[in-house]
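Take a look at the structure below.
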Amino acid sequence: MGDMSANPPSSSLTLLPSETFYFPPHTNTNKPPKNKTLKILQWNILAEQFSYRQNNFDLVSEEVLAYSYREPLILQHITNQDPDVVCLEEVDHFDSLNAALKEKGYTGFFSRKYDPEKLTTRDGIAVFYKTHTLTHINFKDGSYLDAKGERSTQGYVCVEMERREDKKRFVLFITHLKAKESAANEAVRLGQLKQLSEQIMPYRHMPVFVVGDFNTEPGHHAPEWFTAQHYLGLSSVYQHPVVVKNDVLPYSTWKIRPAGEVKRVIDFVWHTPYHTSVVCALCTPKVCVVPECRFPNSMYPSDHLSLCVEFTFNK
């Protein structure tokens, strides 16, 4: 049975429940004060141009797929998590998100995908940050080059920020890699991560975070190569042994396509453990509460699940 038809969202929105996993020795009652932490939310929110039903999300109602239904849920989820930084992929309604988040104390940047065909619906990457806790030092974006040396539609955003209270500086990279499973596309993703690594290199002396939709799973060639670049000093939060042992992230995307059910972990949050430590990480909703249509659904607005991690600075 598919998703039941839904009424437009009201001021009282209900989202699928998610728990928070605390890294030892932290607990819900034993954690650093919020002004001493940095909370980052990573999320592919499903662009409107990809949220159609026929031969795509066949079991999800048109009402639920409509962006007018999903955006209030997106904003409610961000409000519930209350992150310092919001990193989003597949954004094609930046202006409305920016206006709504501005009222909650955020300011944002948007990097549209390279658009050689001059399409007006091309999505992109957006990053928002709380202006009362953080200040932005520098912003840059770029496109990855393909095997011919030409610009691809995939790219990255780099933002250097400083925490107002203690002047702690850090660099955040957000990326969205080549989609679709195949050996050829995995080779493309590997090439893109090699280019991203070159961009990260100048910041190795400071805290670095890398988040995004990598469109590939832990253990596959591209993320394995990225993990093996020890000179970058990066570690994947959701692949930490204690996280894996507690099954915190059994999936980061889960949907039913005409060809079958897709349940994978393809979204990542990386940090530099020398500079930062993990306090807690958001879990995905338990399988028992997920509707038969999977995602998106009337209580969750995207086919990807948000990853939200709270950090402390070590020095």
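Here C308 clears all of (1) surrounded by fewer than 24 Cβ atoms within 10 Å (Cβ to Cβ); (2) in a strand (DSSP E or B) except the condition numbered (1). Of all the numbered requirements in (1) aromatic (F, W, Y); (2) surrounded by fewer than 16 Cβ atoms within 10 Å (Cβ to Cβ); (3) closer than 19 Å to R70 by Cβ, Y300 misses one, and that requirement is (2).
Looking across the stretch 112-169, the residues that are open to solvent by 70 Å² or more (accessible area, probe 1.4 Å), free of Cβ contacts under 8 Å to residues at least 40 places away in the same chain and more than 28 Å from L75 (Cβ to Cβ) come down to P116, E117, K118, K148, E150, R151, K167, R169. Every listed requirement among (1) open to solvent by 10 Å² or more (accessible area, probe 1.4 Å); (2) over 17 Å from T14 (Cβ atoms); (3) not charged (D, E, K, R) is met by Y69 save one, (2). Just one residue in the set A183, A222, A179 is small (G, A, S) and open to solvent by 70 Å² or more (accessible area, probe 1.4 Å); that residue is A183.
When R204 is tested against the conditions (1) modelled with pLDDT of 95 or more; (2) open to solvent by 10 Å² or more (accessible area, probe 1.4 Å), the lone failure is (1). When the stretch 257-268 is filtered for residues that are surrounded by 13 or more Cβ atoms within 10 Å (Cβ to Cβ) and out of contact with any Gly (no Cβ under 9 Å at 6 or more places or on another chain), the ones remaining, listed by number, are R257, V262, K263, R264, V265, I266. Among the conditions (1) more than 21 Å from L177 (Cα to Cα); (2) open to solvent by less than 10 Å² (accessible area, probe 1.4 Å); (3) aliphatic (A, V, I, L, M); (4) assigned to a strand (DSSP E or B), V248 misses just one, which is (4).
Condition check ((1) within 15 Å of the chain's Cα centre (by Cα); (2) modelled with pLDDT under 95) across all residues:
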position: D58; (1), (2): no, yes
position: S68; (1), (2): no, no
position: L73; (1), (2): no, no
position: Q76; (1), (2): no, no
position: T79; (1), (2): no, no
position: P83; (1), (2): yes, no
position: V86; (1), (2): yes, no
position: E90; (1), (2): yes, no
position: D95; (1), (2): no, no
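Comparison of L46, L65, L97 shows that the only residue that is in contact (Cβ under 8 Å) with a residue 24 or more places away in the chain, closer than 25 Å to T133 by Cβ and out of contact with any Gly (no Cβ under 7 Å at 6 or more places or on another chain) is L97.
The values are calculated or read from the model by the stated rules, or taken from the named source; none is laboratory data. Only a predicted model underlies this, so the values are computations on that prediction, with no experimental measurement involved. Note that each Cβ is placed from the backbone with ideal geometry, even for glycine, and that neighbours are counted across all protein chains shown. For the accessible areas, the whole protein counts, side chains as well, though only heavy atoms, and no ligand, DNA or RNA atoms are used. Shrake-Rupley method; radii C 1.70, N 1.55, O 1.52, S 1.80 Å.
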